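Asker: Pasting a structure here, questions to come.
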Amino acid sequence: MRLLIYLSHSVSESQRSQIFKSNFGEEGFDVIDFNLKDPERDSAEIYYTYSARSNDVYKFYGDDLLIKILPFQVVRFEDPGKRRLPVQIDYPIFKIDSLEYEIPAGYSLNGDLINKEIRSIYGIYKVEAAEHNRIVKIVKSFILFPGNYDLEKYKGLYQFTSSVIEIERNNKIVATRKKL
């Protein structure tokens, strides 16, 4: 959070762009544009949006097309067996992504799009996907609630984030070339 405040007030536009791209862009994507909204005084919230592109999204395998969905970079916690101290999360962590992927002409979806929701005392994760006119739109949201988690509750926190990471890792769209 401090880095975002620093970015919004203390560096030039070119420095701001470089720092944002290296710290907030998702792995494998090039940040094209970003917008950092100035936080209100004494606010614990900071909002930013960005657009990105990648040449590594569409993979062709014979007649099939695999589209890799941009994953959330979710907080990774250490294995509960190795954890010795409780965890304190002072502020909620909230992310939302709206993604659109075009299914190329001559291809059709092969299989169902993922629509999933996980709710727990630790947070909420939701992914919804729909296809219209060869455009697949995916909206994902993730919130990790603030709290103090002793070692017993930490196991549930770890399971919650691990479940989200697993869904994100395996979220793909498969399209197949239409047979004439």
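Asker: Please count how many residues of segment 94-105 are open to solvent by 60 Å² or more (accessible area, probe 1.4 Å) and assigned to a strand (DSSP E or B).
Answerer: Going through segment 94-105 one residue at a time, the tally reaches 5.
Asker: Same structure, new question: Restricting attention to segment 74-96, does a residue exist that is at pLDDT below 85 and closer than 30 Å to GLU152 by Cα?
Answerer: Yes, segment 74-96 contains at least one residue that is at pLDDT below 85 and closer than 30 Å to GLU152 by Cα.
Asker: I would also like to ask the following. What number of residues within segment 69-91 are assigned to a loop (DSSP other than H, G, I, E, B), open to solvent by less than 40 Å² (accessible area, probe 1.4 Å) and β-branched (Val, Ile, Thr)?
Answerer: Looking only at that region, the number is 2.
Asker: Can you pull out every residue in segment 121-164 that is part of a loop (DSSP other than H, G, I, E, B) and either open to solvent by less than 40 Å² (accessible area, probe 1.4 Å) or within 15 Å of ILE67 (Cβ to Cβ) (or both)?
Answerer: If the condition is that a residue be part of a loop (DSSP other than H, G, I, E, B) and either open to solvent by less than 40 Å² (accessible area, probe 1.4 Å) or within 15 Å of ILE67 (Cβ to Cβ) (or both), then TYR122, ARG134 are the ones that fit.
Asker: Against the definition (aliphatic (A, V, I, L, M), within 19 Å of LEU157 (Cβ to Cβ) and outside any loop (DSSP other than H, G, I, E, B)), how does ILE118 come out, yes or no?
Answerer: For ILE118, the condition - aliphatic (A, V, I, L, M), within 19 Å of LEU157 (Cβ to Cβ) and outside any loop (DSSP other than H, G, I, E, B) - is met.
Asker: Looking at segment 26-47, I want the residues that are within 17 Å of LYS95 (Cβ to Cβ) and basic (Lys, Arg) and have a partner that is open to solvent by less than 90 Å² (accessible area, probe 1.4 Å) and modelled with pLDDT of 70 or more with Cβ atoms under 8 Å, at least 6 apart or on another chain. Which pairs are those?
Answerer: From segment 26-47, the pairs are LYS37/TYR48.
Asker: Next question, about the same structure. Of a type in the set (S, T, N, Q) and buried (at least 17 other Cβ atoms within 10 Å of the Cβ): is that true of ASN171 in this structure?
Answerer: Criteria met by ASN171.
Asker: For SER108, only one of the following conditions fails: (1) open to solvent by less than 50 Å² (accessible area, probe 1.4 Å); (2) at pLDDT 90 or above; (3) hydroxyl-bearing (Ser, Thr, Tyr). What is its number?
Answerer: (2) is the only condition that SER108 fails.
Asker: Among the residues of segment 95-121, count how many are farther than 24 Å from ASN55 by Cβ and hydrophobic (A, V, I, L, M, F, W, C).
Answerer: 3
Asker: Out of segment 124-180, which residues are over 19 Å from the mean Cα position of the chain (by Cα) and of a type in the set (A, V, I, L, M, F, W, C)?
Answerer: Across segment 124-180, the qualifying residues are ILE135, LEU151, VAL174, ALA175, LEU180.
Asker: Identify all residues within segment 30-57 that are part of a loop (DSSP other than H, G, I, E, B), open to solvent by less than 40 Å² (accessible area, probe 1.4 Å), of a type outside the set (Val, Ile, Thr) and at pLDDT 70 or above; write none if there are none.
Answerer: Matches in segment 30-57: SER54 only.
The values are calculated or read from the model by the stated rules, or taken from the named source; none is laboratory data. What you see is a predicted model, and the numbers here were worked out from it, not measured in a lab. Positions of Cβ are backbone-derived with ideal geometry, glycine not excepted, and every protein chain shown enters the neighbour counts. Quick note on the areas: whole protein, heavy atoms, side chains included, nothing else; ligands and nucleic acids left out. Shrake-Rupley method; radii C 1.70, N 1.55, O 1.52, S 1.80 Å.
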